[in-house]
Every structure is written in structure tokens, then in C-alpha cells.
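Data first, discussion second: the structure below is written as C-alpha cells.
The values are calculated or read from the model by the stated rules, or taken from the named source; none is laboratory data. Computed from a predicted structure; not experimentally measured. Glycine also receives a Cβ, built like all others from the backbone with ideal geometry; neighbour counts cover every protein chain displayed.
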């Protein structure tokens, strides 16, 4: 009986400790109208938003066509991946300053792409924050998860 209570207390402590930790999120910033990200809002209330980030080297239709030709010439290769996809299942939050957003590291979308989508040191969480700078100098913040490689 004592072992059950000790196990229960241990499990509660682990749950509490896990909830109290703030994940070290990577914030990826981009300007409204950036050519390397496609944003699709699925619901009218914007609770489901889909992001497609163009992978480095596949920015043009010509580059994608060359990759497809190489894929078709070798049946054993995997199809080329042109995009990294992310999803957000909450409405974006509007901020007046980027300093109001708590992030372990903040980089631009172009830096993230050029670094081969590697996370900077100190960001270990699977959560990302996408921050869009609008033309009126406000910011929209989405908590996103990487969905898959397309």
C-alpha cells in the first residue's frame, strides 16, 4: 500500500514539474506578404491555420521541375520535398511590440531556411512560434507545430 502512495506522489510531482517548465520555443519572424511562406486560414474564425514554408533551393518553378525530372529518372528515390508544413489550432494573438513575446531565440524566416531548418542552441521544444510583422507595425503570433514534410 505504501508503494502505491509513493508511486502516486512521484507521478503527481512529475506532472507538476512538467507543467511548470516553460518550453524553450523558437520564434520565426516574417513580414506580411513574404514570398517564402504561404498561409492558409481554414476556418472563418481562424482557429486552424496552415503554413507552408518553401524549402531552400525550391523557390522557383524551374527548380521544382528539375527536381521532379531527377525523381522520375530514378524510381528508387523518394519524391522531392518542396515545403515544410506547420499548423496552428488557435487564433493568432496580436501584439504591439515583438518584445512582448517570450521566446528563447528569435530568427527570421530566411535565416531559418538558410540554416537548413536547424534550431539554434537553447531551443529544444517541438513548439514553434510564428510571428508575422504587419504593415501597421503590429505583430501576430501563432503557436505552431511542424506537421510533416510534403
- Does any residue of segment 89-97 turn out to be surrounded by 16 or more Cβ atoms within 10 Å (Cβ to Cβ), free of Cβ contacts under 8 Å to residues at least 60 places away in the same chain and within 21 Å of the chain's Cα centre (by Cα)? yes
- Task: Could you please let me know if residue 140 is modelled with pLDDT of 90 or more, surrounded by 14 or more Cβ atoms within 10 Å (Cβ to Cβ) and either outside any loop (DSSP other than H, G, I, E, B) or in contact with a strand residue (DSSP E or B) (Cβ under 9 Å, 6 or more places away or on another chain) (or both)?
- Result: yes
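So, in segment 1-39, exactly how many residues are farther than 24 Å from residue 106 by Cβ and at pLDDT 55 or above? Give the derivation first.
So the first thing to find is which residues in segment 1-39 are farther than 24 Å from residue 106 by Cβ, and the list is 1-19.
Among the residues that remain, those that are also at pLDDT 55 or above are: 1-3.
Looking only at that region, the number is 3.
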- Quickly run through segment 59-84 and pick out the residues that are surrounded by 16 or more Cβ atoms within 10 Å (Cβ to Cβ) and touching a strand residue (DSSP E or B) at 6+ places or on another chain (Cβ under 9 Å). 82, 83, 84
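Taking the stated definitions as given, is residue 120 at pLDDT below 80, more than 16 Å from residue 55 (Cβ to Cβ) and surrounded by 12 or more Cβ atoms within 10 Å (Cβ to Cβ)? Can you show your working first?
Numbers: at pLDDT below 80: yes; more than 16 Å from residue 55 (Cβ to Cβ): yes; surrounded by 12 or more Cβ atoms within 10 Å (Cβ to Cβ): yes.
It is true that residue 120 is at pLDDT below 80, more than 16 Å from residue 55 (Cβ to Cβ) and surrounded by 12 or more Cβ atoms within 10 Å (Cβ to Cβ).
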